[in-house]
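Undergrad: So that we are looking at the same thing, I have put the structure below in structure tokens.
The values are calculated or read from the model by the stated rules, or taken from the named source; none is laboratory data. Since the model is a prediction, treat every value here as computed from it, not as a measurement. Neighbour counts are summed over all protein chains in view; Cβ atoms, including those assigned to glycine, are modelled from backbone coordinates with ideal geometry.
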């Protein structure tokens, strides 16, 4: 039988793109559906609507899946060269030039869109704080001040964390080379605990608030798990089988979600509250670490088997392909979805129930706008970020569409660093 798996010209890892798309859609649903006012009608549909709203209220945990994927992709270049016995030192300057060229221009354009809409809707009062707020956002330091963390766009704080984790990557790489992953993970976990108690000490002694969930140090452990996952994908480390056990990963995600529901009802500054908070994010990180390991190993297994999928496999292929398509422009979706949701009052149909508006109009509108933003504001800078990769891809052979219709794209030998 003719094999369906053929190396795509883009060299992208479709399973990672699919997870990225799922994470982005989860965040969109969280903002568009779970936070919709009066979403549940007062009729027989009340409880089904409430159930949907409850489920989408956990969409924000897609942020922690993003952190794991980010660690996977950023560490990919080193892992790939190490696996090929061609390890090259990652230069700080070239690394940051590529990051800035790839991520900063779309961020600036999304930031400008928010400022423009603010000027047109409520007006802008240029005060000292406004200037400070803008500067903090331009430097991507706004997550370090509780007054600026959510001031312009409520989701931009995670992008600041990403940039700071990129900066910490060189320390992570040093620790991993020097002492291995065991000690490195202990240090990453200690950074989370240390920041928690540092912020508490500052608050008690000075009354100054120091952001805790919005700090990069508290998510370093989760990010490092993604780096381990990419090394496992290239065979540089051998993980035990339970690191791919979806039952265990799912249990960790459910436990973390249960803790997140209980914490608001737990008295602060008590041992249960402290332990719950310290465990919550790493549990999400571990659960998504297991998921990433499983889907990447599944993708590699499909490549080796080279067999045509059955009916269920084709359904999975279509679902994965759709999610992967969204994953390609997930950065644009993350940058712009809040803007579309904020302006949705102007294009939704008032006669429709709020949840119908959210699913039928608002969410599709956010996806459509994000694709346009990606096409004109992000994609050009993807090419500029790595011209050498673009030249390599331009020389790759072209394939017919039916040859690329697979459940997963190959993992080896090329996996794109698309973070």
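Undergrad: Identify all residues within the range 206-224 that are touching a helix residue (DSSP H, G or I) at 6+ places or on another chain (Cβ under 8 Å) and in a helix (DSSP H, G or I); write none if there are none.
TA: 216, 217, 218, 219, 220, 221, 222, 223, 224
Undergrad: Right, another one. Which of the residues spanning the range 322-355 are over 24 Å from the mean Cα position of the chain (by Cα), surrounded by fewer than 16 Cβ atoms within 10 Å (Cβ to Cβ) and either without any contact (Cβ under 8 Å) to a residue 12 or more places away in the chain or not in a loop (DSSP other than H, G, I, E, B) (or both)?
TA: 345, 346, 350, 351, 352, listed by residue number.
Undergrad: In this structure, does residue 230 turn out to be in contact with a helix residue (DSSP H, G or I) (Cβ under 8 Å, 6 or more places away or on another chain), closer than 28 Å to residue 149 by Cβ, surrounded by 21 or more Cβ atoms within 10 Å (Cβ to Cβ) and touching a residue at least 12 places away in the same chain (Cβ under 8 Å)?
TA: Values: in contact with a helix residue (DSSP H, G or I) (Cβ under 8 Å, 6 or more places away or on another chain): yes; closer than 28 Å to residue 149 by Cβ: no; surrounded by 21 or more Cβ atoms within 10 Å (Cβ to Cβ): yes; touching a residue at least 12 places away in the same chain (Cβ under 8 Å): yes.
Taking the combined requirement at face value, the residue does not satisfy it.
Undergrad: So which of 119, 110 ends up being over 24 Å from the mean Cα position of the chain (by Cα) and either more than 24 Å from residue 208 (Cα to Cα) or assigned to a loop (DSSP other than H, G, I, E, B) (or both)? Even if it seems obvious, please write down each step before you answer.
TA: Working: 110 fails: over 24 Å from the mean Cα position of the chain (by Cα).
Just one listed residue meets the conditions, 119.
Undergrad: Those residues that are farther than 19 Å from residue 169 by Cβ and touching a helix residue (DSSP H, G or I) at 6+ places or on another chain (Cβ under 9 Å), I need them from the range 87-120; list them, please.
TA: Of all residues in the range 87-120, those farther than 19 Å from residue 169 by Cβ come to 105-106, 108-120.
Scanning the range 87-120 gives 105, 106, 108, 109, 110, 111, 113, 114, 115, 117.
Undergrad: Scan (1) in contact (Cβ under 8 Å) with a residue 60 or more places away in the chain; (2) at negative phi for the single condition residue 235 breaks and write down its number.
TA: (2)
Undergrad: Out of (1) closer than 21 Å to residue 52 by Cα; (2) surrounded by fewer than 22 Cβ atoms within 10 Å (Cβ to Cβ); (3) at pLDDT below 95, the odd one out for residue 386 is which?
TA: (1)
Undergrad: May I ask you to say which residue of 51, 57, 81 is at pLDDT 90 or above and either touching a strand residue (DSSP E or B) at 6+ places or on another chain (Cβ under 6 Å) or over 24 Å from residue 330 (Cα atoms) (or both)?
TA: Values: 51 fails: at pLDDT 90 or above; 57 fails: either touching a strand residue (DSSP E or B) at 6+ places or on another chain (Cβ under 6 Å) or over 24 Å from residue 330 (Cα atoms) (or both).
Only one candidate passes the filter, namely 81.
Undergrad: Return the pair list, or none, for Cβ contacts closer than 8 Å from residues in the range 96-119 that are farther than 12 Å from residue 331 by Cβ to residues that are surrounded by fewer than 16 Cβ atoms within 10 Å (Cβ to Cβ), at least 6 apart or on different chains.
TA: Every condition considered, the pairs that remain are 101/384; 108/138; 111/138; 115/124; 117/343; 118/124.
Undergrad: Could you check the range 41-81 and list, in sequence order, the residues that are free of Cβ contacts under 8 Å to residues at least 24 places away in the same chain and either part of a helix (DSSP H, G or I) or crowded, with 17+ Cβ neighbours inside 10 Å (or both)?
TA: 46, 47, 48, 50, 51, 54, 55, 81
Undergrad: Output the number of the condition that residue 124 fails; it satisfies all remaining conditions of (1) under 27 Å from residue 343 (Cβ atoms); (2) within 20 Å of the chain's Cα centre (by Cα).
TA: Status for residue 124: all satisfied but (2).
Undergrad: If we keep just the residues of the range 82-94 that are part of a helix (DSSP H, G or I) and free of Cβ contacts under 8 Å to residues at least 60 places away in the same chain, which is surrounded by the fewest Cβ atoms within 10 Å (Cβ to Cβ)?
TA: To start, the set of residues in the range 82-94 that are part of a helix (DSSP H, G or I) comprises 82-83, 92-94.
So of that shortlist, the ones also free of Cβ contacts under 8 Å to residues at least 60 places away in the same chain come out as 93-94.
Numbers: 93: 7, 94: 9.
Applying the filter and picking the extreme gives 93.
Undergrad: Can you tell me which of 204, 186, 210, 134 is over 21 Å from the mean Cα position of the chain (by Cα) and closer than 30 Å to residue 377 by Cα?
TA: Details: 204 fails: closer than 30 Å to residue 377 by Cα; 186 fails: closer than 30 Å to residue 377 by Cα; 210 fails: closer than 30 Å to residue 377 by Cα.
Residue meeting the stated conditions: 134.
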